[in-house]
Amino acid sequence: MTEPHDGDFPDGLSAAELGMWQAFRNGSTYDLRARDPARDDPFAPRTWGPERSVDGRVVARLLLSGPPPRPGRVAALKLRGVRITGTLDLAGGRVAPYVELTGCRFESEVALPECHFTTLRMVGCAMPRLEAARLRTEGDLHLPRCRIKRGIRLTDAQIGTDLLINQIEIGPDRNGRALAGDGLAVAQDLQAEMVEARGELSLRGAKVGGSLSLRGSRLRGREGRRALNAPQLTVERTLYMSEAWVSIDTGNQGTTPPYGIVMAPTPARGTRSQIFECRGGVRLDDGRFGDAVDLHKARFVLARHEELSLRRIVTPELRFNAEQPDEGRVVLNGAKVVTLIDVSTSWPGPGGLAMGGFVYENLVPYGHFPLSRRLEWVAAATPEYVPEPYERLATVLRNCGEDADAREVLLAKQRRRRETLPPAAKLWGFLQDWTVAYGYRPGRAAVWMAVLWAAGALAFSQHVPAAIKQDEHPQWNPALYALDLLVPVINLGQDGYWRMEGGWQWAAAVLVLLGWILATTVAAGASRLLRRG
């Protein structure tokens, strides 16, 4: 092709390319659709002929060094229903014109590494692969409803405003990744709703200035890969891994009701709910989320060795009301959450939950969550006895004014601890539990004291002992004598003045021993309460 003069066309262009050239200068949409849905479908196996085809090199020339616009117009590339042959290679280039491609078909991969755009929109296009490492846009990057067979690479890309990839279908690259977005930076929102991904979504170290929405998406990891691998992800607002509302007739997105309006939002007429589903491991370790992590009704299908890993995440709110995973583990070790919103049926059973060092300040159950189920939740996270989860739960309950529940949690902790003790200490633990519940139920000690006092008083009323010193003794009082034996340290003026012999001596010794047991267990429980208070 020869270099055109102003107002001329380069040599060697086809009729379709001439029309595209003209539309570019006018800034108008170049539409080559046949107005037949079957023939215009870019994903159908039907091929498009040369009358709808343009060379990728001509497209690149227009974008990188195209002709000036006509007077009073703004040059822009707007294609609809066009087949781009060859490779569209814009590597390292700077594209000033606005670009919008709708319903187009690419025969070869689109190569945009280190390219600089103002705004790039490719809507409902079919392409083998999108290679866009270190891509930069001043405005949006839109790829909704596209189908990309061998994955997208957006490593270290910088998006000036929004990244929109809703309803996209992505296959895996040769490394098993559907989206390689490590180091990706999006200034505002990243919308990836209703995505169908057959490979790993890798967002390691990515940064999103607004919200990251995966509502209604279906992620399927390849063998040896996670479905979502996003350690050190930073989201300034909320990460949504929840349901979306779609049209029953078309399958397109509807509106997504905001969280928390009603307990069970009903879809609008003509729409249905599509939950977020993830088949494969999820890694969000060391993530930072400014508002919340929302897992409302999410479904995680994990193999036995796979994890939903939330290690060391920091977020003001974690909404863990997903479906209970059948296998795999949920790991919250080291996570820091201000408010935990959860459902009792969302958490996995014993061996499926780990939360060592998990810090939360408030508990907001989403529905009925009795204390017995909360204790099962802690027990599921501690196959071997660990005190910290019990103490954290007790602290949170106490801060919420639930002192009785906090004592029940600490009592459950002592009972779990008793299982790890040697036989002698375990026997002493059983005795403490049976008598005063490790001091967490002091009313039980008062009951025992009253029963023993009544029994002792009744027994000693049947016997008047001889005084040790005939001229130095108080008047015999069986009730005060029994109480004097039961209460350690305090002297009520009866013990030490009477000579007990035979069985009466053994009865007095038993009362003294039981009094000391009750006193020490109550003192131990009181010291624990004071230490935690």
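The values are calculated or read from the model by the stated rules, or taken from the named source; none is laboratory data. Remember, predicted model here, so these are calculated numbers, not experimental data. Every residue, glycine among them, receives a Cβ derived from its backbone with ideal geometry; neighbour counts consider all protein chains shown. Accessible surface is based on the protein model in full, side chains and every heavy atom, while ligands, DNA and RNA are left aside. Shrake-Rupley method; radii C 1.70, N 1.55, O 1.52, S 1.80 Å.
Using a Förster radius of 51 Å, what is the FRET efficiency between ASP291 and ASP41 based on their Cβ-Cβ separation? Nearest 0.05, please.
For R0 = 51 Å, the calculated efficiency reads 0.80.
HN-Hα J couplings of region 449-457 from phi, Karplus 6.51/-1.76/1.60, θ = phi - 60°, integer Hz, Gly and Pro as x?
So the Karplus estimates, Gly and Pro as x, are 4, 5, 5, 5, 5, 5, 5, x, 4 Hz.
How many nm is it between the label spots at LEU431 and ARG373, if each spot is 7 Å from the Cα in line with the beta carbon?
4.0 nm
What does the charge dipole of region 123-186 about its Cα centre add up to, to the nearest 20 debye, if the Cβ of each Lys and Arg holds +1 and the Cβ of each Asp and Glu holds -1?
Working: 10 positive and 8 negative charges, 76 e Å.
In debye, rounded to 20, region 123-186 gives about 360.
Among HIS116, HIS473, HIS368, what's the order by accessible area (1.4 angstrom probe), most exposed first?
Result, largest first: HIS368, HIS473, HIS116.
Given a Förster radius of 22 Å and the C-beta distance between ALA34 and PHE9 as r, what FRET efficiency does 1/(1 + (r/R0)^6) yield to the nearest 0.05?
0.30
Dipole of the chain (Lys/Arg Cβ +1, Asp/Glu Cβ -1, origin at the Cα centre): which of TYR497, THR315, ASN175 lies farthest to the positive side?
Farthest towards the positive pole: ASN175.
Residue-wise, which Karplus ³J(HN,Hα) couplings in Hz belong to region 303-317, taking 6.51 cos²θ - 1.76 cosθ + 1.60, θ = phi - 60°, and x for glycine or proline?
Each residue's phi maps through the Karplus curve to give 6, 4, 8, 9, 9, 9, 9, 10, 4, 6, 6, 10, 7, x, 8 Hz.
Rounded to the nearest 10 degrees, what's the angle between the helix 503-532 long axis and the longest principal axis of the chain, both from Cα atoms, 0 to 90?
Taking the Cα atoms of the chain, the angle to 503-532 is about 30 degrees.
If one takes the longest principal axis of the Cα atoms in the chain, at what angle in degrees, from 0 to 90 and to the nearest 10, does the Cα axis of helix 15-26 lie?
Helix 15-26 sits roughly 70 degrees off the main axis of the chain.
When all protein chains stay in place, what accessible area (Å², nearest 10, 1.4 Å probe) is found for SER309?
0 Å²
Tell me the per residue accessible area of region 15-163 using a 1.4 Å probe; a whole number in Å² is fine.
Accessible area per residue: 41 Å².
Working with all protein chains in place, sort ASP326, ASP140, ASP11, ASP294 by solvent-accessible area computed with a 1.4 Å probe, largest first.
ASP326, ASP11, ASP140, ASP294
Would you mind pulling out the separation of the Cα centroids of region 357-401 and region 446-473, in Å?
Cα centroid to Cα centroid, the span is 47 Å.
If you plug each phi of region 234-240 into the Karplus form 6.51 cos²θ - 1.76 cosθ + 1.60 with θ = phi - 60°, what whole-Hz ³J(HN,Hα) values come out, in order, with x for Gly and Pro?
Karplus values, whole Hz, x for Gly and Pro: 10, 10, 5, 10, 10, 9, 9.
Test of understanding: what is the full-extension gain from GLU51 to ARG222, defined as 0.36 nm times their sequence separation minus their Cα-Cα distance? List each step's numbers first, then the result.
Numbers: separation 171, 0.36 × 171 = 61.56 nm, distance 3.95 nm.
Length difference between fully extended and current span is 57.6 nm.
Assign unit charges at the C-beta atoms only (+1 for Lys and Arg, -1 for Asp and Glu), then state the dipole size of region 321-424 relative to its Cα centre in Debye, rounded to the nearest 20.
340 debye
Can you give the calculated 222 nm mean residue ellipticity of the chain, where each DSSP H run of n ≥ 4 adds -39,500 (n - 2.57) and the sum is split over every residue, rounded to the nearest 500 deg cm²/dmol? Don't jump to the answer; show the numbers that get you there.
Details: 10 runs with 138 residues, N = 533.
Calculated mean residue ellipticity at 222 nm is -8500 deg cm²/dmol.
Using modelled backbone amide H atoms (1.01 Å from N, in-plane), which distant-in-sequence or interchain residues come within less than 5 Å of VAL186's amide H?
Excluding prolines and chain starts, which carry no amide H, the hits are ILE159, LYS207, VAL208, GLY209.
Whenever you get a sec, compute what percent of the accessible area on the chain sits on carbon and sulfur atoms (1.4 Å probe).
52 percent
Of LEU163, LEU393, PRO97, which is farthest along the charge dipole of the chain in the positive direction, counting Lys and Arg as +1 and Asp and Glu as -1 at C-beta?
Towards the positive end, the residue furthest out is PRO97.
Calculated from the structure, semi-axes √(5λ) of the Cα gyration tensor in Å equals which of (1) 42, 24, 22; (2) 78, 18, 17; (3) 37, 31, 20?
(2)
Which one, ALA380, TRP434, TRP453, is farthest towards the positive end of the dipole of region 357-491 when Lys and Arg carry +1 and Asp and Glu -1 on their Cβ?
Comparing the listed Cα positions along the dipole, ALA380 ranks first.
Can you give the accessible area of VAL82 in Å² (nearest 10), computed on protein heavy atoms with a 1.4 Å probe?
0 Å²
Mind checking the dipole of the chain: about its Cα centre, +1 per Lys or Arg Cβ, -1 per Asp or Glu Cβ, Debye to the nearest 20?
Numbers: 67 positive and 60 negative charges, 125 e Å.
For this selection, approximately 600 debye.
Compute the acute angle (0 to 90°) between the alpha-carbon long axis of helix 387-399 and the principal axis of greatest extent of the alpha-carbon atoms of the chain; round to the nearest 10°.
It is inclined by approximately 90 degrees.
Enter the accessible area of ARG150 (Å², nearest 10), with the probe set to 1.4 Å and all protein chains included.
120 Å²
Taking region 81-180, which GluC sites (Glu not before Pro) meet the DSSP loop condition and have no more than 16 other C-beta atoms within 10 Å?
Qualifying residues, ordered by number: GLU114, GLU138.
Could you sort ARG329, ARG94 by their accessible area in this structure, using a 1.4 Å probe and putting the largest first? Present the calculation step by step, with values, prior to reporting the outcome.
Working: ARG329 80, ARG94 150 Å².
The ordering from most to least exposed comes out as ARG94, ARG329.
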